[in-house]
Each structure stands twice: as structure tokens, then as C-alpha cells.
């Protein structure tokens, strides 16, 4: 596609429910990243996928968070038993993961998650 | 010390002003540097890459000082539309996970 696509754009859920967020990266981009951005805060790295390598999950805040990606295509971020502190914008980005300008990340518009 | 530090601002300047932001990084092995722009309630978008020799794109000039481990962004002739948060992004050699600064808020007023 032309850019990184995320769905849904907004999600309202009740505390304790599970949610699944989706990201379609730019075609040909081997690297995919998930970030969380709370209101008025900076970007918080969650997880990184690179091709078929094992993902870097070092940023996941708890075992309630998980993500999957099949090959170099779509990724889903799942949050189980959502808590109010999970309320944030979840941003997905993709890149070519090469040196120099290959490190440029292209972001989706994000999913705004509200946990009531 | 945080890996990438920025003055959060806000920088409040009149139209036409020149404004400069600095960003310091702690890892001397850092290799790739970028400035991103994030508008309110929008996703970050690349503004410009930062090259060792410095680079200019219209009213925007980016520079890298490896010895002092900082990058800078200079905006000349500020426009109302420049109002946004400017994010400094650094990638260390061997890693494709960039580190984002918290951002510097710029408000350009009439």
C-alpha cells in the first residue's frame, strides 16, 4: 500500500476485555515497530520485528501484551485484560531496516485506545 | 542520563523568527540521526535526516556535532504552520531500534 495502515483508528473497551490492534506495513519493508504514546508523553518502544528473525520484545510492559507478525506482512498487537493505564495511542511504523536513510520509519495514523 | 534528551519547551516565537533546538545523545556509537515532526494528535513524520556534513532543506537546517554528541535543528522565518512537536531520533550502529527524544514543542504566534 501507499503507507502504513492501522485499524481500528479508535477503540473503546471496558476494563478487563481483550483488544487486538492491526498494522499493515509498507510493502517491502522488512522491519515493523509498535510504540505506545500516552497523552502528552513521548513514544514508548514496545516491540520490533525484522523479517523472520525472533522479535525484540524488550519494550513490552507486561505479559498482558503480545504481538505477532507473519513474515513481512501484517502484524497484530494484542492486549489482554485491559487496564485503564493501557489507554493511549498505539503507533505502528515500518522501515527498510538498512543503514542510513534505510532507518527512516514511516508511521501509521495510530489506534487510539480508551479503556473505561 | 537519558539516551536522547531534548528541551521540552514550549518555544513560543513570533512569525518570522529564527528558532533553534538542540538534542543530546549519550551513546557515542550512534550512527543515524533524524528530526521528525509530530502535529497535535497526529503521527510523527520525517522532517529531515541529519548528515555529518550538515544539511539544509529550505528554511530548515540540521547539523550534527559528534564531538559534543548533539544534533541541532534551525528553523528560519518561522510560519504558523511550523507549530508542532519536533522529535529527535537516534539509531545506534548494529541496531535498527531507534531512540526517540521526548520532543520539543514549538508554538509560532502571529
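Just so you know, all these numbers are worked out from the coordinates, no wet-lab data involved. Predicted model only: the values in this text are computed from it and were never measured. Using ideal geometry, Cβ is built from the backbone for each residue, glycine included, and neighbour counts are taken over all protein chains shown.
Calculated translational diffusion coefficient of region A:50-116 (4 °C, 1.567 mPa s; Stokes-Einstein with Kirkwood radius over alpha-carbon pairs) equals 95 µm²/s. Here the label points at residue B:40 and residue A:68, each 7 Å from Cα along the C-beta direction, are separated by 4.0 nm in the simple model. Dividing the mean sequence gap of close Cα pairs (under 8 Å, 6+ apart) by how many residues chain B holds gives a relative contact order of 38 percent.
Based on Cα contacts under 8 Å between residues 6+ apart, chain A shows a relative contact order of 37 percent. For residue A:84 and residue A:44, the difference between the fully extended length at 0.36 nm per residue and the C-alpha to C-alpha distance is 12.7 nm.
Here residue A:116 and residue A:52 are evaluated by their C-beta separation; at R0 = 35 Å the FRET efficiency comes out at 0.40.
From least to most packed, judged by other beta carbons within 10 angstrom and beginning with the fewest, A:78, B:24 follow the order A:78, B:24. For chain A, a Kirkwood radius taken over Cα pairs fed into Stokes-Einstein (20 °C, viscosity 1.002 mPa s) yields D = 151 µm²/s. Site pair residue A:15 and residue B:57 shows an inter-label distance of 4.4 nm when each label is modelled 7 Å from Cα along Cα→Cβ. A crude spin-label estimate for the pair residue B:76 and residue B:95, with each label 7 Å from Cα along the Cβ direction, gives 3.6 nm.
If both residues of a DSSP beta bridge must be in the protein assembly as shown, then about 90% of such bridges are antiparallel.
As a rough footprinting exposure proxy, the listed residues A:89, A:19, B:89 were ranked by other beta carbons within 10 Å of their own, and the order from fewest upward is A:19, A:89, B:89.
Ordered by the count of other Cβ atoms within 10 Å of each Cβ, fewest first, B:25, B:51, A:106 give B:51, A:106, B:25.
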